[in-house]
Amino acid sequence: MAAHAVEIRDLHKSFGPLEVLKGIDFTVEEGQVVCVIGPSGSGKSTLLRCVNLLEQPTRGKVTVGGVEITDPDVDIDAARRRLGMVFQSFNLFPHMSVLQNVMIAQRRVLRRGREEAERVARANLDKVGVGAKCDSYPPQLSGGQQQRVAIARALAMDPSLMLFDEPTSALDPELVGDVLSVMRDLARDGMTMLVVTHEMSFAREVADRVVFMDGGVIVEEGPPDQVIGDPQHARTRTFLKRVLDPTNAGDASAAGDEGTGEIPAV
Ligand SMILES: Nc1ncnc2c1ncn2[C@@H]1O[C@H](COP(=O)(O)OP(=O)(O)O)[C@@H](O)[C@H]1O
Ligand SMILES: [Mg+2]
């Protein structure tokens, strides 16, 4: 059997006395999109950061593309090269043009020549719909355009897995759709994606599986119609009510374990 694209086994992460991940287990198959949802502070970012070793797990095993990245002897740089990461903040270099931003890691990390790096950069900028902005500088672009440049920058490295950490959370509402549509296209093209998001309609439409985390554990996971449409656990219902109907957040938390399970339409 082919290796899982991502395999996480008994993953624990503590910061000093604070145990943030308390034993996480799940897998992502090649070409699948898995959306991770859950309240703020539940450990979602820490989980993604353990997958690309921006954080060293305290215990457990993470395998990406058949390579165990938690093996102390692994070539971290080689393993990380195969992962694209997109954050809430775009982290573009403001003093470099869009084209240069998408070329620099290709040149420095993959050692591509200038011509090839430029060709790959332009192709990926076209793909995410900002090909006309090659000579602009990030501060001249909208947040949605900057995030699409950041996605192009990640794609230019030919990743086998893309990690997204709330990629639309910092955007004005009218710019969210453009970024989600780029992500939808990527999913359709077969990219393996692990996406932390609060965009429930995106998760419902695009995810193969949804993982709901709370307090450093996975409370439930399954197909989106199940986890978002018909959640089995009170914690999931309470969270979904808060996200889908923020004006009634007080009600939702009060409902606690007695939650009715009724979820507003997404
Ligand atoms: N580098 C760190 N040092 C100490 N505590 C951290 C660090 N990173 C995250 N935490 C804590 O871990 C918990 C989970 O954080 P995080 O993974 O960012 O949650 P989420 O992304 O779900 O909001 C929070 O209580 C946060 O304060
Ligand atoms: Mg986070």
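The values are calculated or read from the model by the stated rules, or taken from the named source; none is laboratory data. Values in this document were obtained by computation on a predicted structure and should not be read as measured data. Heads up, the Cβs are rebuilt from the backbone with ideal geometry, glycines too, and the neighbour counts pull from every protein chain shown. Heads up: the accessible areas ignore ligands, DNA and RNA and are worked out on the full protein's heavy atoms, side chains in. Shrake-Rupley method; radii C 1.70, N 1.55, O 1.52, S 1.80 Å.
Taking the longest Cα principal axis of the chain as reference, the axis of helix 143-155 is set at about 70 degrees.
Note on the chain: helix-only mean residue ellipticity at 222 nm, from DSSP H runs of 4+ residues weighted -39500 (n - 2.57) and normalised by residue number, equals -10500 deg cm²/dmol.
Summary value for the chain: 22 percent relative contact order, contacts being C-alpha pairs under 8 angstrom separated by 6+ residues. Taking each residue as 0.36 nm, the span from V67 to S40 lengthens on full extension beyond its C-alpha to C-alpha distance by 6.7 nm. Normalised radius of gyration (Cα atoms, divided by 2.2 N^0.38 Å) for the chain: 1.03. What's the angle, to the nearest 10 degrees (0 to 90), between helix 98-108's Cα axis and the longest principal axis of the chain? Taking Cα atoms only, the helix is inclined about 80 degrees. Taking all protein chains as shown and a probe of 1.4 angstrom, D10 keeps an accessible surface of around 60 Å².
Kindly state, as a whole number, the per residue volume in cubic angstrom of the convex hull around the alpha carbon atoms of the stretch 1-81. Don't jump to the answer; show the numbers that get you there.
On the way: hull volume 8.1 nm³, N = 81.
In the stretch 1-81, the Cα hull volume divided by residue count equals 101 Å³.
The residues neighbouring L125, those whose beta-carbon lies less than 12 Å from its own, together hold a net charge of +3 under the Lys/Arg +1, Asp/Glu -1 convention.
Apply 1/(1 + (r/R0)^6) to the Cβ-Cβ distance of D208 and A170, taking R0 = 35 Å, and write down the FRET efficiency to the nearest 0.05.
Working: r = 26 Å, r/R0 = 0.74.
With R0 = 35 Å, the Cβ-Cβ based efficiency is 0.85.
Using the Kirkwood radius over Cα pairs, work out the Stokes-Einstein diffusion coefficient for the stretch 48-179 at 4 °C and 1.567 mPa s, in µm²/s as a whole number.
On the way: Rh = 15.5 Å.
Calculated translational D: 83 µm²/s.
Identify all lysines with a Cα-Cα distance to K61 below 20 Å; exclude those on the same chain that are fewer than 8 residues away in sequence. Of all the lysines, those that pass the test against K61 - Cα under 20 Å, at least 8 places apart if same chain - are K13, K22, K44.
Please compute the length gained on full extension between H233 and D135, using 0.36 nm multiplied by the number of residues separating them and subtracting their Cα-Cα distance.
Numbers: separation 98, 0.36 × 98 = 35.28 nm, distance 5.00 nm.
Answer, rounded to one decimal: 30.3 nm.
From most to least packed by mean Cβ count within 10 Å, the peptides 15-25, 70-80 give 15-25, 70-80. When Lys and Arg each count +1 and Asp and Glu each count -1, what net charge do the other residues less than 14 Å away from E55, Cβ to Cβ, add up to? After counting each charged neighbour, the total is +3. In the chain, a dipole from Cβ-located charges (positive for Lys and Arg, negative for Asp and Glu) runs towards its positive end, and of P94, S201, L180 it is P94 whose Cα lies farthest in that direction.
Averaged over its residues, the chain has an accessible area of 46 Å² per residue, based on protein heavy atoms and a 1.4 Å probe.
I want the local charge near E29. Using Cβ-Cβ distances under 13 Å, sum +1 for each Lys or Arg and -1 for each Asp or Glu among the other residues.
On the way: positive: R209; negative: E7, E30, D208.
Neighbourhood net charge equals -2.
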